[in-house]
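K.L.:
First the structure, which I've put down as structure tokens, then a few questions once you've had a look.
The values are calculated or read from the model by the stated rules, or taken from the named source; none is laboratory data. These figures come from a predicted structure and were not determined experimentally. Counting neighbours? That spans all protein chains shown, and the Cβs are built from the backbone with ideal geometry, glycine included. Side chains included, ligands, DNA and RNA excluded: accessible areas come from the protein's heavy atoms. Shrake-Rupley method; radii C 1.70, N 1.55, O 1.52, S 1.80 Å.
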Amino acid sequence: LVFTEEDKYGLYSNLLFKYFLAEGVVCGHDLFVASATEHPDNILKELPAPLLDDTCRNELREEATAVKSEDFQDSMKIAWRYQNLPKMEASPTTSAKFGHYYDVSKTMSPELYQSIKWHSFYLPEELSLEPKMKICNMNSAYARLLQSIQKMIYQEGFDGSDPQKKQKNILRIGIQSLGSMLWGDDICSSDTPEDVHSLTKFLYVLRGILRKSLSACIITVPAHLIQNKAIMERVTNLSDMVVGLESFIGSERETNPLYKDYHGLVHVHQIPRLNSLICDVSDTKDLAFRLKRKLFTIERLHLPPDLSDTVSRTSKQDLAESAKLLSSGCGAMAIGKKHLDF
């Protein structure tokens, strides 16, 4: 269960959501897409186009050339004494290629996403079919969504507890903007919501379903609107992986020269504990993302070696704090040329 905290305008979290679904299409997995805002049919039509084989290499070569030219222009501005220092590698992944690459400037061809099985859950349509239902004091929309997921898993043969007769496959579940007002939940609009336990009950049952089925789920939540921190703590504990995206749009960092190469920060609040009591903690403290011409990239945040006179005192303090965080793990991780591109 991957829990993604949306950025304020939902631009980049929505992009990650679509990457998760697009990877399922390319791998031939079944999809279950649930939303209360945008119709799942429209979400599938806007999935990024995959870059395969020769096309992938050509597109990535173009992107790399563009980035190199940017780096060269930046190097002209750096003091001569820094130019011979070893360049810190920005990307925090291993050298092995994982997954596929996608071009965010193009959409996936209809033939590709129609070649797999996919099921949709659009809340306004579901509510018009049947009267309101409430199970164990749970929000009716959440209860209906749980029923649809369970029905999908059992009917399509993803239940891991039963011996499967057909060829095994994986179900990818994507749920968009859970917890928002459009789902009938008031945790985003009040400090003391009426349905204070609805979301946590939903996640508890959903996690149980995922544990005994061949499925994986990504959920996006407008966490910046949830004032009750106790709810967020419970939601974090019920998720396997929690990632927050902080966009620079509309903030002081958008015009701060320290962050001119990035579009936002990635906060990894929790990572899965696999076959151990504690999770593997990465040395990388600060991660940032940027949306290039065709690729969305997550990189290790590294700051410029010298500050100009235009940088304010608060920015210099921000730089000093970030440098402390970066000093612990960057040296050990900077090996070879590696990328975490999507």
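K.L.:
Sort the following peptides by mean Cβ neighbour count (other Cβ atoms within 10 Å, averaged over residues), highest first: 268-277, 292-301, 249-258, 18-27.
P.N.:
Descending mean neighbour count gives 18-27, 292-301, 249-258, 268-277.
K.L.:
Over region 1-50, with every protein chain in place, what whole percent of the accessible area is carbon and sulfur at 1.4 Å, could you tell me?
P.N.:
C and S fraction of accessible area: 49 percent.
K.L.:
Work through the residues other than HIS224 whose Cβ is under 14 Å from its Cβ and net out their charges, Lys, Arg +1 and Asp, Glu -1.
P.N.:
Summing Lys and Arg as +1 and Asp and Glu as -1 gives -2.
K.L.:
Once phi is turned into θ = phi - 60°, what whole-Hz ³J(HN,Hα) does the Karplus curve with 6.51, -1.76 and 1.60 give for every residue of region 200-209, x standing for Gly and Pro?
P.N.:
Running phi through 6.51 cos²θ - 1.76 cosθ + 1.60 with θ = phi - 60° gives 5, 5, 4, 5, 4, 5, 4, 5, x, 5 Hz.
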